[in-house]
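Okay, so here's the structure we're looking at.
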Amino acid sequence: MEQTISIEQRIQEVLMNDPLFEVIRETPTEQLFLSEPYLNELIEKKYYSTPEIASWFDVTDAQLRYYIKPFEEYLFNGQASNPTTATLIRLNFPAILKLRMILLLKEEYRVKGLKRLLRINEDGHIIKQVPAASTEIAAPNEVEKKLQGMNHALAQIMQTGLFQIEQDEQTEEMKITLNEAFLQQKIKALPSESSQKIEKLQSKTEQLEQKNKELNEKVEEFLQSNKEDIAIKIREKHIERNVLNHLENEALTEYATTKGRQIFRKLFHSTQIEIEKKQYIAAYIEEHFPEQLRQALHQYHERVVE
């Protein structure tokens with residue numbers, strides 16, 4: 001009894017070590033590629049026309065031929081028995097699978113990027129690798145393995161949608177750039193709760209910055225006011241001393257006028273005279289100091305205000 005295998009397993013056998021299949025593997029595109037409805041209609045030993053294949057892939061016959069032309073050697077693999085004419089192109093099972101992979105990857109890699117993956121030169125021929133001479137079974141090419149691994153990793157990165165491949169118009173080189181539109185879309189798609197938290201955090205930050213600014217202004221005002229208060233107190237103390245000196249001079253003058261007649265009488269009692277003089281000055285200052293100090297300070301503050 002003949003054992004049957006699944007279509008998925010057969011595809012993996014046919015495309016073993018295929019560069020494009022290595023890119024597609026272990027990505028969301030792989031599941032699509034291995035489970036499309038047209039696979040149930042394929043007969044492995046049969047050839048199919050481009051109009052029929054185009055209907056499976058939802059493209060026009062012209063679009064399909066556009067992507068066949070640059071990859072003929074890759075698709076047909078030098079098959080001399082391929083029944084293709086100038087007007088009619090027919091593809092077998094492996095060629096249809098390869099063409100489908102080209103269509104699935106064309107948006108990301110474009111024609112030039114796909115040619116690079118397939119090592120196709122400007123003449124449309126695949127660059128063959130020369131195997132190293134050896135009497136033993138040749139080991140897999142390490143460089144090729146690394147290249148396939150890098151292609152696989154690049155394909156996974158591109159599947160995220162965060163990056164895109166663009167062609168430089170001047171150098172025609174392919175380069176990877178950040179997909180700004182995709183990034184903005186993802187940011188906008190954040191849950192509303194997270195957006196509200198971000199907005200609240202921004203609002204709180206702005207409030208704290210405003211309060212900090214107000215606090216700095218108050219501290220500056222306090223320092224300035226403190227400097228002014230110290231200057232005023234120094235000035236007031238100076239005024240107080242001037243008033244005291246002025247009253248002492250007035251008291252001495254008054255004392256000399258009222259007590260002058262008794263000086264000769266108490267000439268030999270100088271100590272008693274000095275005591276009486278000081279008592280007179282103290283009493284005079286106590287009587288006149290508060291009012292004169294009030295007037296002097298009032299005049300000073302009026303000048304400061306002006």
- How many residues does region 277-306 hold that are outside any loop (DSSP other than H, G, I, E, B) and modelled with pLDDT under 80? 2
- Query: Does any residue in region 266-279 that is farther than 21 Å from E250 by Cα come within less than 7 Å, Cβ to Cβ, of a residue that is surrounded by 11 or more Cβ atoms within 10 Å (Cβ to Cβ) and modelled with pLDDT of 70 or more six or more places away or on a different chain, and which pairs are these?
  - Reply: K266/I273
- Message: I'm told R261 meets every condition in (1) out of contact with any strand residue (DSSP E or B) (no Cβ under 8 Å at 6 or more places or on another chain); (2) of a type outside the set (G, A, S); (3) at pLDDT 70 or above except one. Can you identify the failing condition by its number?
- Response: (3)
- Hits in region 126-146 (condition: out of contact with any strand residue (DSSP E or B) (no Cβ under 7 Å at 6 or more places or on another chain), open to solvent by less than 100 Å² (accessible area, probe 1.4 Å) and either modelled with pLDDT of 70 or more or among the basic types (K, R) (or both)): I127
- Residue satisfying all of: in region 33-85; among the acidic types (D, E) and more than 48 Å from the chain's Cα centre (by Cα); modelled with the highest pLDDT among these: E52
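The values are calculated or read from the model by the stated rules, or taken from the named source; none is laboratory data. These numbers were taken from a predicted model, which means no experiment stands behind them. Quick reminder, even Gly has a Cβ in these numbers, built from the backbone with ideal geometry, and neighbours come from all protein chains shown. When the accessible area is computed, the model is the full protein with side chains, heavy atoms only, and any ligands, DNA or RNA have been set aside. Shrake-Rupley method; radii C 1.70, N 1.55, O 1.52, S 1.80 Å.
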